[in-house]
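Right, one structure below, let's go through it.
Derivation of every value follows stated rules applied to the coordinates shown; laboratory data play no part. A quick note: this is a predicted structure, and the numbers were derived from the prediction, not measured. As a convention, Cβ positions derive from the backbone with ideal geometry for all residues, glycine included, and neighbour counts pool all protein chains shown.
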Amino acid sequence: MHRANDYYGHSTILARYCGSASEPPPRIHGYLQHGWNIGDGMAGDHEYVSGVPLFLWSERTRKRAWSLGRRETYVVGAPWAYLVRLKPERAGAPTRNGTIWYPFHGWEGQHVRGDHARLIDQIKATETGPVTICLYWQEYWTPGVRRRYERAGFRVICHGYRGDARGPGDPDFLDRQLAELRGHRRVASNRLSSAVWYGILAGCEPAVYGDPMVLENEDPAHGGQARIRRQWAELHGEQADTAVARAIAVHELGADRLATAGELRHLLRWEVETA
Amino acid sequence: MNTGAQPRMIGGEMQVWSDLDGRRGAGPVRGTVLAAVFAAARGRILVLGPHDPALFDSLDDTTVLVRGVADARTLAGRTGLTVLCGSPAQLAAQGTFDTVIALDGLGRLDTTESDGLTWNEMLAVVHSVLAPDGLLVLGAENPLGLHRVVAPPRRLSDADWVPVPGDSQPATLTQLRQAAGDVTRIYCTYPDPVAPELILREDAQGGAVEAALERAFSGARKVLVDPARLAISSVRHGAGSALAPGWIIVAARDENLLPHVVSELDGAVPGPTLEHLIELAAARRDLPGVRELVTDWQSGPAAGVPANQIIKASDGTSVALGDVVDPAFALRDLASRLLRAGFPHPWPGVKGTTDLTRILAAMGEVHVEVQDEPGQRELPFAELVAERDRLIGELADARAQAAFFEAELTGRERDLREVREMVEQLSGTGPARAGQAFVGGVRATRRVLRRNG
C-alpha cells in the first residue's frame, strides 16, 4: 500500500517468489522495509499509519522497532535474499574479477559533502584488480561526478532508477545488481550500506573504507556513522573476514528467516490476486 | 453382612431429601476416574456421603452413610452394601473400618436435624471409626481452587442451609494434611471436585499432564478466564496443588500402608506438548522455529491431532495422545489458541482464526481446505474485555487507514489531473496542431506518390 514498496522492484521480486504473474505486482498490504537501516527499518520521511503491518528484514531490526513502539511487525527477510534464492549462482559461472565500489550517495534532496578526488585516490591505492564504480542514478546523470570516476580509469555503471513517490523503480534493478555483484570478487563502499550487505550475500568479499562523506542535515537519532562503525566493526577496513561477514549479512538481511511463498501471499494479502 | 433391602436409620436422617438426584445441590461425587481411588480400598469399608452408586460396583463388605432417606432407599438394594441413613454423630455404634472413604469431604454429611457438627467434630467421628492400621481417603474442595477463581459468583442451593464452612474447616492444604493423619499423600482433582475427570499426583508436571488438563477443561462454559490455561500455568509454576479445584488426601499410620492410586498418566512419555513448543517459538518470534515445528507436525501421521495432544519426546519423536480429527481442524484449534487474548503472537494484521489457520498451513507448506467459519469457542469474560479493547484499537486503525487512503487518493487524483492537462496541452496547442498538420501532409503526399507510382 505504500509507494516505497515498489522501490528497487522489491514488490516484483516478492511477486516472482510467490508465483504471481501480475503486472504490476499486487499491492502489498503493509510497509516493506526498503533499505538496510539502523532504526526501526522504516525510512524516516515515511508517513506511518497505525495498524498497518511492517515487514522487516531482520530480527534485530524487529526488536529495535518494537522498542521504538512499533508493534505490528513481522520479519520476512530482505527482498534481496529472496532474489538470491530465486537465482542461485550457476555452477560454471565465470570467474569473479576485481571490485565493485559503491560511493555513498545521498537521496534526492540530500547533498553529500565530501571529496570525490580523495576517495578515488584511496580506491586506486587499495584495489589491485579492475574497479567498477556503481553510482546512484542522480550522480550517474551528473556529468561532473560521472566523468571524474571515468577519467580515473574506472568502469562506471548505474543499476537503474530506484523509484519515487510518482512511480515504481526499474523492476529489474536488483537483477542487474546481482549480475554485476556476481561478476566481482570484492564489494566495497565508504559506508556500510545495503549494497555491501547485498554483495556479501552474493558471495563477494566486503570492504568498507574511505571518507564516509557527510550528508547535510543527517539525522543523528540512531547514532549515525559513528555507531555503525562501532557496532559492525568487523566489516570496516580494507579487508574483512568473509565468513564472519557472511554470517552477519545473513542475519541483517534475514536470509535465514525467509517466509514460504504461501505464507508471504497471506501476509501481504495476495491470496486473491494469485489464486 | 447385610444384603437386605432396607436401610438402617441411625438418627438425624432427612426425610425429604436427596443428594444423589442432583436437584438440590451438586449431585453425588462421580466420575470413572474415581474407580482407581475405590480400587485402593481394603478390608471393611465405610463410604461417607453422596457417591455415584456406580462406584460401589467393585466393592465388597461396604457400609455407606447417606443423610437423605430417598438416597438410602436407592442404595439399599445393592448386593454387599449396608446402607445407613442419618447423621455422622450416630456412627460410633457401627464399629471400626479398615478404610473410610469420603470423597465429597465432610461438607454434606451433617443433616438439618442434628445440632450442627463442626468439621473437626465430624473428622473426630471419622477417626473414631477408623481402625488403627486403617486407611482414610478424604476429598476436599479447595476454597481457592481455580474452578472458583474462574467462575462467576454462584447462587446458593437448597443444600446450603449453612452457607459458609465453619471455622474448623482447614483453609490450606497443610492444615488438611495435619488434620487427616500421620502420613499422607495428596492427589489433585480436575475440573470439578464433585465430578473429577482427572486425578493428578501433587507434583505432576509435563506435557502429558497439560494435555490431560486441556481435555479435562474442554467443557468449561461461562467462565471469567480460561481454566485450562490457569491450570496449566499453575502446574508449570509448581502451584498445581495450591490451585487445584479439589484434593483427595490419602492418610495412614505409616508409608507402607499407603496405597498407590493408579493414574492414566502413570508411565506417560515425558516431554512438552507440541503446542507449548509452538507457543514458545511464536512468543519468542522464532519464525523459522514455528515453520519447522508446523512442517514436522503436518507432514507426519499426527497431522490430524491437535497440537496440545501431542508430546514431543526428548528423542524428537512425537506421541499422539488424542484422537485423530482432521488437519484443518487441528490447525484451526492451534490458531484459535495462539490468538487468545494476552498471548503475544507475532502475526500482524491477522484477521481472525481462519486467516491464521491459513498462514499456519502455509508456514508448514501443507495444503488443507480451510473453510471460513465463525469462532466456535465461547469466550471467557476476561477475553471478551480484551476482545472489546482489541476491536476498539482495530476500529481506530481502520479509521486512520481510511484517512490515509483518502489522502493518497487525493494525491493520485492530482497526479492524474496534471497528466490530463499535459495531454490536452500537447494535443490542442499550436505546435501540436502544426505537428498534426505536418503528419497529415506527409500522409497525403505519400498517397499521391503511391497513386502516381
Worksheet entry | chain B: angle of helix B:287-298 to the longest principal axis, Cα-based, in degrees nearest 10 | 70 degrees
Discussion item. If the only charges are +1 at each Lys and Arg Cβ and -1 at each Asp and Glu Cβ, what is the size of the charge dipole of region B:266-309 around the Cα centre, to the nearest 20 debye?
Written reply: 180 debye
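Checking a compactness column here: for region B:8-257, what do you get for Rg(Cα) / (2.2 N^0.38 Å), N being the number of residues?
0.97
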Discussion item. If R₀ is 30 angstrom, what is the calculated FRET efficiency for the pair B:Glu264 and B:Asp61, using the beta carbon separation as r and rounding to 0.05?
Written reply: 0.60
Discussion item. Placing +1 on the Cβ of each Lys and Arg and -1 on the Cβ of each Asp and Glu in chain B, which of B:Leu20, B:Pro132, B:Leu356 has its Cα farthest towards the positive end of the resulting dipole?
Written reply: B:Leu356
Worksheet entry | Normalised contact order of region B:55-143, rounded percent, pairs of Cα under 8 Å and 6 or more residues apart | 30 percent
Worksheet item: List the lysines whose alpha-carbon lies under 30 Å from that of B:Lys222, not counting same-chain residues fewer than 8 positions away?
Response: B:Lys351
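About its Cα centre, what dipole magnitude does chain B give when the only charges are +1 on Lys and Arg Cβ and -1 on Asp and Glu Cβ, stated in debye to the nearest 20? Before the final figure, lay out each step's value.
Values: 45 positive and 58 negative charges, 553 e Å.
Using Cβ point charges on Lys, Arg, Asp and Glu, chain B gives about 2660 debye.
Could you pull out the GluC sites (Glu not before Pro) across region A:9-103 that fall in loop regions by DSSP (anything but H, G, I, E, B) with no more than 15 other Cβ atoms inside 10 Å?
Numbers: sites: A:Glu47, A:Glu59, A:Glu72, A:Glu89; in loops: A:Glu47, A:Glu72, A:Glu89.
Counting only loop positions with at most 15 other Cβ atoms within 10 Å, the GluC sites (Glu not before Pro) in region A:9-103 are A:Glu47, A:Glu89.
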Discussion item. Using only the Cα atoms of chain A, what semi-axes does the equivalent ellipsoid have when each is the square root of 5 times a gyration tensor eigenvalue? Give whole Å, largest first.
Written reply: 30, 21, 19
Response to the item:
Computed over chain B: longest principal axis from alpha-carbon atoms vs helix B:274-283 long axis, angle to nearest 10 degrees, is 50 degrees
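How big is D, in µm² s⁻¹, for region A:1-133 by Stokes-Einstein at 4 °C and 1.567 mPa s if Rh is the Kirkwood radius over C-alpha pairs? Intermediate values should be presented prior to the final figure.
Numbers: Rh = 17.6 Å.
Stokes-Einstein gives a translational diffusion coefficient of 73 µm²/s.
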Worksheet, complete the sentence: GNM on chain A, Cα springs under 10 Å; top mean-square fluctuation among A:Arg162, A:Arg151, A:Arg257 goes to A:Arg151
Discussion item. Per residue, how big is the convex hull of region B:274-378 when only Cα atoms are used? Give it in Å³.
Written reply: 100 Å³
Worksheet item: Taking a temperature of 20 °C and a viscosity of 1.002 mPa s, what whole-number D in µm²/s does Stokes-Einstein yield for the protein assembly as shown with Rh from Kirkwood over alpha carbon pairs?
Response: 67 µm²/s
Fill in: Pairwise label distance in nanometres, B:Gln175 with B:Asn256, each label 7 Å out on the Cα-Cβ vector
3.5 nm
Worksheet item: Which one of A:Val214, B:Leu117, A:Gly254 has its Cα pushed farthest toward the positive end of the charge dipole of the protein assembly as shown, where Lys and Arg give +1 and Asp and Glu give -1 at the Cβ?
Response: A:Val214
Practice prompt. Treating the angle as unsigned and between 0 and 90°, give the value, to the nearest 10°, between the Cα long axis of helix B:430-452 and the longest Cα principal axis of chain B.
Written response: 60 degrees
